[in-house]
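A short worksheet on the structure shown next.
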Amino acid sequence: MADVQPFKGIRYSSQLARDLGRVLCPPYDIITPEQQGELLRRSPYNSVRLELGVDLPTDSPQDNRYTRAAALLEEWLGQDVLLPEKETAFYLLREEFSHMGRTRTRCSLLARVRLEEFSRRVVLPHEETSQGPKRDRLALLTATNANLSPIMGIYRDPSGATGDLLARVMSEAPLAHTDYGDTHIQLWAVTGKGAIGTIRDALRDAPIYLADGHHRYETALHYRGLQQSSGGVLDGDAGHNFVMMSLIEIKDPGLLVLPYHRVVRGLS
């Protein structure tokens, strides 16, 4: 069912990787204006400059936060601030955090996943979306032609093959590690035909449940359609046929489901 593939990622240079916490940012839709300002001050290379740039009074169709993000991405690549990987890989992300006085860990597998219409029941949504965020993300995706943040997905692997493999990967030294707030983060690259084949085979028959990123997923579908209408290949390996995902096994002990509190005021 799901076509889960490795990809050639783009990572910060080794100099910036010494303190990755200074250049990381949260997902765009939870960044407050105050936090945005703090992130901008934290580092001239903080990824919020790509993910959620600043609107200016002088913005125009030719010069706005989306076009500035695209120009900055190219500038960072040209200056070797960001470096493309030389070989394809899955990326294993391990996050250690505290919840209610207990230390937990969550493991995510970063991959590119072939886009599928929801009607095919390969990627399964659970929430409605609105047009505003999708217009915003489409403008950024169209300008940069890049996935800047992963969608969060959940899968089930009854065989346990991916869990066994990832445990072996984590026995080696990580490519990078940092602290971000109260979370300790480690990153590994999963390469080699055997390891890649194990992951692809284990996830091939597993549907993927969207946990977070519905707007970005629907935006990626729209972007694929735009590329197809302009001559792109629907079933090829071109990047627009895929979206970057952070995949978590459903039995991962760090996968928490917490209440979503709302208050309704002004009732009679």
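Bear in mind that the values in this text are calculations on the coordinates, not laboratory data. Since the structure is predicted, the reported quantities are computational estimates derived from the model, not experimental observations. Neighbour counts run over all protein chains shown; Cβ positions are idealised from the backbone, glycine included.
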Starting from the amide H of residue 11, placed 1.01 Å from N in the peptide plane, find each other amide H under 5 Å away whose residue is 5 or more places distant or on another chain. 83, 85
If the chain between residue 172 and residue 1 were fully extended at 0.36 nm per residue, the gain over the current Cα-Cα distance would be 58.4 nm
What list of ³J(HN,Hα) couplings, whole Hz, do you get for the range 3-10 from phi and the Karplus terms 6.51, -1.76, 1.60, once you set θ to phi - 60° and write x for glycine and proline? 9, 9, 10, x, 8, 8, x, 10
If you average 1/r over every pair of different alpha-carbon atoms in the range 71-129 and take one over that average, what Kirkwood value in Å do you get? 15.9
As straight-line cross-link partners of residue 86, the qualifying lysines (C-alpha separation under 30 Å, not fewer than 8 residues apart within one chain) are 8, 193
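Given just the C-alpha atoms of the range 1-153, how large is their convex hull per residue in cubic angstrom?
Details: hull volume 25.8 nm³, N = 153.
Per residue, the Cα convex hull of the range 1-153 comes to 169 Å³.
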Give me the distance in nm between label points sitting 7 Å out from Cα along the Cα-to-Cβ direction at residue 255 and residue 102, one decimal. 1.7
Between the range 63-87 and the range 218-268, how many Å separate their Cα centres? 23
What is the ratio of the Cα radius of gyration of the range 32-91 to 2.2 N^0.38 Å, with N the residue count, to two decimals? 1.32
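How much length is gained if the chain between residue 228 and residue 86 is pulled fully straight, taking 0.36 nm per residue apart and subtracting their Cα-Cα distance, in nm to one decimal?
Values: separation 142, 0.36 × 142 = 51.12 nm, distance 2.75 nm.
In short, 48.4 nm is gained.
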Suppose a student asked you for the relative contact order of the chain, using Cα pairs under 8 Å spaced at least 6 residues apart; what percent would you report? 28
Using every pair of alpha-carbon atoms in the range 111-268, split the distances into 10 Å bins beginning at 0 and state the percent of pairs per bin, rounded to integers. 9, 31, 34, 20, 4, 1, 0
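Can you pull out the GluC sites (Glu not before Pro) in the range 170-268 that DSSP calls coil and that have at most 16 other Cβ atoms within 10 Å?
Working: sites: 172, 218, 249; in loops: 172.
Sites meeting the loop and neighbour criteria: 172.
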What do you get when you divide the Cα radius of gyration of the range 126-210 by 2.2 N^0.38 Å, with N the number of residues? 1.42
Normalise the Debye intensity by I(0) for the chain, one equal point scatterer per Cα, no solvent, then take log10 at q = 0.13 Å⁻¹ and round to two decimals. -0.96
Span from the the range 13-35 Cα centroid across to the the range 143-162 one, whole angstrom: 20
Give a quick list of trypsin sites (Lys or Arg not before Pro) in the range 120-198 that DSSP marks as loop, anything other than H, G, I, E or B, with at most 11 other Cβ atoms within 10 Å. 121
Please list, ordered by chain and number, the residues whose modelled amide H lies under 5 Å from the amide H of residue 211; skip anything fewer than 5 residues away on the same chain. 152, 153, 154
What is the set of long-range amide H partners of residue 242 at a cut-off below 5 Å, with H atoms built 1.01 Å from backbone N? 115
